[in-house]
Amino acid sequence: MIRINENYTKLKASYLFSDIAKRVNAFVAANPDKPVIRLGIGDVTEPLPQVCVDALHAATDEMAQRASFKGYGPEQGYAFLREAIAQHDFVARGCAIEADEVFVSDGSKCDCGNIQEIFSEDLRLAIPDPVYPVYVDTNVMAGRTGANVDGRYAGITYLDSTPANGYVPAIPSVATDLIYLCFPNNPTGAVATKEQLAAWVAYARENKAIILFDAAYEAFIRDPEVPHSIYEIEGAREVAIEFRSFSKIAGFTGTRCAYTIVPKALKAYDAAGNAQSVHALWTRRHTTKFNGVAYPIQKAAAAIYTETGKAQTKALTDFYLGNAALIRAAMQKLGFSCIGGDNAPYIWVNVGRDSWEFFDLLLNKAQVVCTPGAGFGKCGEGHVRISAFNSRANVEQALERIAAALK
Ligand code: PLP
């Protein structure tokens with residue numbers, strides 16, 4: 001008799017965004033004359049930068065000719081993209097990352113979900129709360145947790161992000177082995193300072209642990225003091241993996257391209273306590289289970305590293321940050337304390353009441369969709385996430401409606 005992976009039964013019944021979709025669909029069905037503005041799910045709205053479109057067209061033409069046609073490419077990505085990433089995203093910022101430490105993939109969601117496979121089943125986890133749900137759920141699926149009791153899984157050290165700590169979690173008092181960090185943060189929009197990241201690197205080194213640093217929103221950092229990469233911290237090459245995505249910097253959510261940095265200096269330990277190369281393990285995993293990102297997509301991704309590409313992606317992220325500034329100012333004017341929105345496309349609003357109740361209020365009275373903080377974890381209760389991914393006109397209209405509804 002075929003048996004299921006019982007760990008899946010521990011997962012919380014429904015996924016946050018499907019719960020939201022159900023409520024929004026019910027509202028739309030009951031109120032067909034009231035157009036809803038969605039500032040909930042973190043998908044982009046603006047089209048691909050022109051450099052990416054041009055590169056896609058040119059690469060497609062190459063695929064049409066026998067002489068330039070490409071079949072399977074290298075699983076880890078073409079050298080032209082790996083080299084551009086290492087040079088522009090790391091070496092240019094003083095981080096010693098080499099092209100063969102870059103693993104190109106079809107998304108950070110897959111990468112930060114898959115990476116846990118190469119580590120032991122009985123490791124000790126540290127995961128932020130609130131959090132991008134993929135980190136928790138993939139570890140539940142892998143059997144690293146107990147049951148979910150009162151919104152928390154047994155076996156996880158939760159890293160609370162609260163108003164009291166400025167939404168940047170403190171170093172835990174216990175030892176852990178695999179630590180997830182995300183800055184600029186989804187959902188809070190908080191960023192970590194160099195000193196804060198240095199403390200995490202020191203903790204990881206002390207505990208022979210590994211930090212999984214999710215920098216999917218790196219392109220939104222504007223404060224010159226905020227580190228863009230964990231590798232700006234000395235000693236991080238030995239204890240950190242970094243995830244980056246083209247989804248938000250260049251509108252690739254539907255185009256799909258991302259990458260993961262696994263430094264060759266990174267070690268994890270076998271049962272006998274011998275150090276093993278994490279780079280070798282991830283190479284084995286990636287080349288066994290993944291067959292590379294499409295050539296035209298990699299060409300489109302590489303185009304963002306040209307001078308024109310840099311200007312176009314900066315304009316794109318500036319546009320969303322302009323929306324974010326409007327949202328944050330409007331919510332603050334209504335008396336809410338907020339963080340995020342200055343170095344991130346999300347504004348985390350402390351609404352001081354049940355987050356689903358506030359979600360329903362905005363939906364019913366303003367026809368605006370936000371994301372209830374409780375969906376991101378226990379510490380998300382009392383907050384909502386408002387996303388800056390929308391047109392300026394929609395953001396302005398949504399803010400007018402929210403102001404009228406909350407008067
Ligand atoms: N990491 C975080 C924190 C995210 O918010 C997202 C997407 O919303 C991802 C990773 C996934 O990015 P990708 O589109 O590359 O799969």
Checklist entry - Heavy-atom accessible area of LEU406 with all protein chains present, probe 1.4 Å, nearest 10 Å²? => result 50 Å²
Item to check | Simple label model, 7 Å out from Cα along Cβ direction - LYS289 to VAL53, nm | outcome: 3.6 nm
Checklist outcome for this item: By the C-alpha gyration tensor axes a ≥ b ≥ c (rounded if a/c is under 1.5, else prolate when a/b exceeds b/c, else oblate), the shape of region 318-407 is oblate
Next on the checklist: Along the charge dipole of the chain, pointing to its positive end and built from +1/-1 on Cβ of Lys, Arg, Asp and Glu, which listed residue (ALA96, LEU81, GLY373) has its Cα farthest out?
Outcome noted: GLY373
Item to check | Kirkwood-Stokes translational diffusion coefficient of the chain, alpha-carbon pairs, 20 °C, 1.002 mPa s, µm²/s | outcome: 97 µm²/s
Item to check | Fraction of accessible area attributable to carbon and sulfur, the chain (%, probe 1.4 Å) | outcome: 53 percent
Checklist entry - Could you give the longest part of the chain that holds none of the GluC sites (Glu not before Pro) found in DSSP loops with at most 11 neighbouring Cβ atoms within 10 Å? => result 235-407
Checklist outcome for this item: Scoring region 185-338 by relative contact order with C-alpha pairs under 8 Å, at least six apart, yields a percentage of 17 percent
Checklist entry - Along the positive direction of the dipole of region 53-305 (beta-carbon charges: Lys, Arg +1; Asp, Glu -1; about the Cα centre), which of ALA170, HIS286, PRO130 reaches farthest? => result HIS286
Item to check | Accessible area per residue, Å², the chain with all protein chains present, probe 1.4 Å | outcome: 43 Å²
Checklist entry - Taking Cα centroids, how far is region 322-359 from region 58-124 in Å? => result 35 Å
Item to check | Kirkwood-based shape ratio for region 228-287, expressed as Rg/Rh from alpha carbons | outcome: 1.08
Checklist outcome for this item: Per the rule of 0.36 nm per residue minus the C-alpha distance, extending ASN148 to ALA170 adds in nm 5.6 nm
Item to check | Charge-dipole axis of region 20-86 as Lys and Arg at +1 and Asp and Glu at -1 on Cβ define it, positive-most pick from SER68, ASN25, ALA58 | outcome: ASN25
Next on the checklist: Using the Cα centre of the chain as the reference point, and only Cβ charges (+1 on K/R, -1 on D/E), how large is the resulting charge dipole? Debye, rounded to the nearest 20.
Outcome noted: 700 debye
Next on the checklist: With every protein chain left in place and a probe of 1.4 Å, what is the accessible surface of ASP354, to the nearest 10 Å²?
Outcome noted: 70 Å²
Checklist entry - Nearest 20 debye, what's the magnitude of the dipole of region 224-343 about its Cα centre given +1 on Lys and Arg Cβ and -1 on Asp and Glu Cβ? => result 500 debye
Next on the checklist: Suppose we keep just the DSSP beta bridges with both residues in the chain; what percent of those would be antiparallel, to 5?
Outcome noted: 55 percent
Checklist entry - Which whole-number percentage describes the relative contact order of region 53-305, with Cα contacts under 8 Å and a sequence gap of 6 or more? => result 26 percent
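The values are calculated or read from the model by the stated rules, or taken from the named source; none is laboratory data. Note that this is a predicted model, so its numbers are computed, not measured. Glycine also receives a Cβ, built like all others from the backbone with ideal geometry; neighbour counts cover every protein chain displayed. Each accessible area value is taken on the protein alone, full model and side chains, heavy atoms only, with ligands, DNA and RNA left out. Shrake-Rupley method; radii C 1.70, N 1.55, O 1.52, S 1.80 Å.
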